Structure formats: structure tokens, C-alpha cells
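Just so you know, all these numbers are worked out from the coordinates, no wet-lab data involved. Owing to the predicted nature of the structure, the values given are computational and were not obtained by experimental measurement. Note: ideal-geometry Cβ built from the backbone for every residue, glycine included; neighbour counts use all protein chains shown.
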Amino acid sequence: MELCQTESLRNRLMKQTITQSEAWLIFDQIINGIEYIHLQKLIHRDLKPSNILFSMDNTVKIGDFGLVSAFGEEKIDQTENNELGGTVLYMSPEQINRQSYNQKVDIYAVGIILFELLCPFSTQMERIRTLKNIRLQTPVFPNDFERNQLICRLIRWLLAHSPHERPKA
């Protein structure tokens, strides 16, 4: 296992604005990493900016495999205390609702991360409120962002409420 002694995407988002070209480079590397994880028949289940790390050469690394699970059949999270496993803001609707799920939960989380990369928030409260609302309704993009319909469609596809409507990595 590789040690990443640099920063996480969460730290980077908090201290600087990510350009659109940087966002696409990060997104591409995350998707490639998720594709590899899924090819190993694994579900990460806790993708979020603090688990996206950068190596010294700025290569994206996916970390924290503490909640990883194997897939093949759809799963339902059951813990002793009936708690949800993962980070609520990045959980798919099916996880929150304790329905069966598969690897598409990682795709949903990547959609949230892409939204954060391309639509930065001015405050932490705005971030939390917006990310909570995304699960309840179609994402609302900033006015200047709506011009790029292709990007909006991609994010909406990744964040589809039905996992069957989301793409594969």
C-alpha cells in the first residue's frame, strides 16, 4: 500500500479554487481508480473528497478502504447498531433508504464529488445544504454553469436517483 504524504481533495477544495481543467483531470483519475476497484469486484462505499489523496506528483489516489465490500449480488447495509456505513452527504439514495445496492453507489459519490469540483461553495453550510438537497431533487447548478448542458447532463446522469440509470465506471 502506498503512503500519500500530501493533501486530500477536501483540503485542496478548502484552500483554493479548482479550475475546470484541473477538475476534469481529477475526475478522470477518480473514474479510472473506481473502474479498477470495480473490476476487482469491490465497492468502496465511502468515496468523498477526504478519501481522494494526491501523491507528490499530483496523481490521484483513492484511500480509506475501511468500508470496502465485495459485490456480485445487491447488498443492504446491516450493522449491529443499525447505523449507516459511510458518509451521508456522499451516500446514494438507496444506501440512505437502506435498500439493496451495488457498485453504482460509488458512481453516485463520484457525481457528488464532480459537482463539488465544478461548483465550488462559498461556505461550509452552503456545501452541506446543497449536497443534502441533491439527493432529494435534481441538482441545481449556478446560473453561469447552466450554459454547459453537456456537463449538467453528465452530473445528472451520475446522480440519477435510480442506480439502474447511472453509468458504470
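When L25, L42 are screened for being in contact with a strand residue (DSSP E or B) (Cβ under 7 Å, 6 or more places away or on another chain), of a type outside the set (S, T, N, Q) and over 16 Å from P167 (Cβ atoms), only L42 passes.
Among the residues of the range 150-169, write down those that are in a helix (DSSP H, G or I) and surrounded by 10 or more Cβ atoms within 10 Å (Cβ to Cβ). If you could, list the steps in order and put the result at the bottom.
Restricting attention to the range 150-169, the residues satisfying the condition of being in a helix (DSSP H, G or I) are 150-158, 163-165.
Residues satisfying the conditions are I151, C152, R153, L154, I155, R156, W157, L158, P163, E165.
Which residue is surrounded by the fewest Cβ atoms within 10 Å (Cβ to Cβ), if the candidates are limited to the range 98-131 and must be under 26 Å from K61 (Cβ atoms) and of a type in the set (V, I, T)?
Looking at residues that are under 26 Å from K61 (Cβ atoms) and of a type in the set (V, I, T), I get I128.
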